[in-house]
Structure formats: structure tokens, C-alpha cells
Amino acid sequence: DLSEQDRTALVNIHNRIQTFAQAQRTSITDMEVNVPGGKAGHTVSPCTAAGCYAPGGRYPLPSSVLMTAITARAAGVDTVVLATPRPAPITLAAAHLAGADYLLCVGGAQAIATMAYGMDYSSVKIPKCDVIVGPGNQWVTAAKSIVQGYCGIDMLAGPSEVLVICDETASSKVVAADLIAQAEHDVVARAILVTTSQQLEQEVNTEVIEQLSKLPEPNQSTARAAMKQSFSVLCGTLDECVQISDTIAPEHLEIHTANAWKIGQQCRHYGGLFVGSGAAEVLGDYGAGPNHTLPTGGTGRYTGGLSVFDFLRIRTYLRMEDTEELSSKECQDMVQDTITMARLEGLEGHARAAEQRLRK
């Protein structure tokens, strides 16, 4: 049973995630343009079935249930299969609220295999999923890498990370708290401070030590282990801070500086951007709106976080049916260009197929 406070929080978070995902969906639509001899365009349509993985080993993560399943539903996916090991009551409530059709109480590679290949055993039938999304441990990531190609995946997630760019205007207490919040995720998480202020760097280090000592177990031990591969960088200018951040391409990038939005716009490579001291990364974790499933390990250089677009197919078409348009000079010029290019590439069959469209 959930308390009224838990229920209210879950519903509020669901609504914020859904609002953002639905806005993403409406931002891209079908389109059509004129081409010589007819029309060309694209359609936007969802996959039929999506598999959503939510970790549940170290802590229950109902937020990952909401982030994945709600986004799939907003994209218009017909069937949502959710897998999570040992689901807690709050996780079950999140699955119900997000509208999951199936709940697999299993984790690891077994869950990924079931969603990728489906299951038809006795009275239980789980459909094959067209795409599988969601973070997980190394076994989940390895399994996703194996099924990639047989079905789609969102990304191969690695250890979680945060990088905070700050100057002398930042609050050492707030920055330290945000670094620790990331470190408690996992013993292999990374918390990185990049600053122009040596004094702030020292103050943050002192705050981290003090705040860590007051963190309960097992969170404290986890965060302490993560801090062993975390570090700070002292820079001469904010431009240098931005360059270092872009080199790392962190999963989460926080900006705690004067003119924070301007600095944030200069950054090019990251998973999610959190601008201003009020934009805590933890607010993104728990449903301010944007998705918290983000690229790690520098992959933000070429991809973004989970969104409705991971569940959508943008498919193009070419319509050329009108006899009069097919005979137009523009269309015949296009046919002739095709013939020329085909023969330049040595594909005579292509050229002859195009010649069948020439009008004498």
C-alpha cells in the first residue's frame, strides 16, 4: 500500500513526464513536398511493440519505469512490455500508471532476451519488441548489444556521471550535494567539478567530506567508492571549462555560473543540460519533464537521451502517378540525370530501368 503522499508524487511526476513527451511527439509531423513528376514526403509512425527495462537491483527505480513506459505511450506504441527485477509496490504502481501491458518480474540478460525474442509458453505470450530501451547493469548492456540489429535499442548505457561547471558565484553546499547525489548511484559513477575558482574548489571538497559523513548507509559507502574515480579541474577561464566539458561529453551537465544560460549555450556535447543553481540534476531524475535516460561515456557527442523519437519511424515515400506530370520537362530531366548517374556507377540495370520512364 502507498501513502497519499507517495501516490500524489507519482501522479504529479507522471503528468510532467507525459506533458513533455507529448510536446516532443507533436513537434514532428508528416510532410509532403512537390518533386518533378509528383510528390515526395515522409510519414511518422510508432513501432508496434516496445520493451522497457527498469533496474531494480541496488534500489527500486519507479522513475525509470515512468521515463520509459510513458514515453513509449506518448509516441503511440501499441504494446508496452516492462521488465524489472523484484518490483517494489511503488514500482508496480508506476507500471500501472504508465500503462504497461505486460510486467516481467525478471532482470538482467534474461529480461532483454524475453523482450527481444518474445515468449510463448503455456498461457503466457509475450510479443517480440521492435525496440528495447532503458538503463541497466553490465549484463543488461551486454545483452542489448547482442540483440541490437534484431531489434532496435536506445543506447548502450555505462556508469552514470555528472559534470558541474561553476565560478565564484556558485554555492559550495549546493554543488557538493549535487556531486554526492550522482555518486550514490553506483560505485563506478563519476562526479566531476570544473571551476575557475580555487577557493570554491577547496570549499566544495570540504563540503563533500562533511556531507558524505552524514549520508546514511549503504548510500555513504557507495558514494565514497564513486568519489575515488571522481575529480576536479581548475581552469583559467570559463571557455576552458567548456572545452573540458565538451571533451568529456558528460551524461549530466550542470552550469552554476553568472550568465549561466550563455555558458550553457556554448557547450556542445552532453546528455542533459541543467542551467542555473535551481536546475538540479535530481529534478531531472525525478520528472521535471525531460527524460533521465541519457547517453554516458562520451556518447553525447553523437546521440541524445531517450525520447519519443526512439519509438518512431520516419519513412519516406515517392508518388508519381499523373501521366501529364511524368511527361513534364522537369521530370524527364530527372530521369535522364538518373540514367547518367547509373552508368557512371556501372549499374546498367539501373539505367535501363530509368529508361523505361522516358517519354518519347
*asked:* Need the full-extension length gain, LYS173 to ASN15, defined as separation in residues times 0.36 nm minus the C-alpha distance. One decimal, nm.
replied: 53.8 nm
*Between ALA353 and GLN266, with labels modelled 7 Å along Cα→Cβ, what's the label distance in nm to one decimal, could you check?*
5.2 nm
*Highest-fluctuation residue, LEU212, LEU273, LEU193 considered, GNM on the chain with Cα pairs under 10 Å*: LEU212
*Give the Cα extents of the chain along the principal axes, in whole Å, largest first.*
85, 61, 36
*On a 0 to 90 degree scale, rounded to 10, what angle separates helix 198-213 from the longest Cα axis of the chain?*
80 degrees
*Cα centroid separation, the range 85-107 to the range 173-201 (Å)*: 32 Å
*asked:* To check you understand DSSP bridge types, tell me what percent of the beta bridges within the chain (both residues inside) are antiparallel, rounded to 5.
replied: 35 percent
*Give me the percent of the accessible area of the chain that comes from carbon and sulfur atoms, probe 1.4 Å, all protein chains in place.*
53 percent
*Over the chain, give the accessible area per residue in Å² for a 1.4 Å probe, as an integer.*
51 Å²
*Mean Cβ count within 10 Å, highest first, over the residues of peptides 156-163, 169-176, 6-13, 128-135*: 128-135, 156-163, 169-176, 6-13
*Using a 10 angstrom cutoff on alpha carbons, build the Gaussian network for the chain and name the most mobile of THR323, THR68, THR84.*
THR323
_Low-density loop cleavage sites - GluC sites (Glu not before Pro) in the range 262-360, where at most 16 other Cβ are within 10 Å (DSSP)_ = GLU321, GLU345
*Loop only per DSSP, at most 13 neighbouring Cβ atoms within 10 Å: give me the chymotrypsin sites (Phe, Trp or Tyr not before Pro) in the range 89-177, ordered by residue number.*
TYR150
*Packing-wise, with mean Cβ within 10 Å as the measure, how do 50-63, 282-295, 307-320 rank, highest first?*
50-63, 282-295, 307-320
*Residues whose placed amide H lies under 5 Å from that of VAL233, excluding near-sequence neighbours*: LEU193, VAL194, THR195
*asked:* For a quick check, take a GNM of the chain with Cα springs below 10 Å and name the residue from THR29, THR48, THR79 with the largest mean-square fluctuation.
replied: THR29
*Which angle between 0 and 90 degrees, to the nearest 10, do you get for helix 238-248 versus the longest principal axis of the chain when only C-alpha atoms count?*
70 degrees
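The values are calculated or read from the model by the stated rules, or taken from the named source; none is laboratory data. Just so we're clear, the structure is a prediction, and the values are computed from it rather than from any experiment. Counting neighbours? That spans all protein chains shown, and the Cβs are built from the backbone with ideal geometry, glycine included. All accessible areas refer to the heavy atoms of the entire protein, side chains included, with ligands and DNA or RNA removed. Shrake-Rupley method; radii C 1.70, N 1.55, O 1.52, S 1.80 Å.
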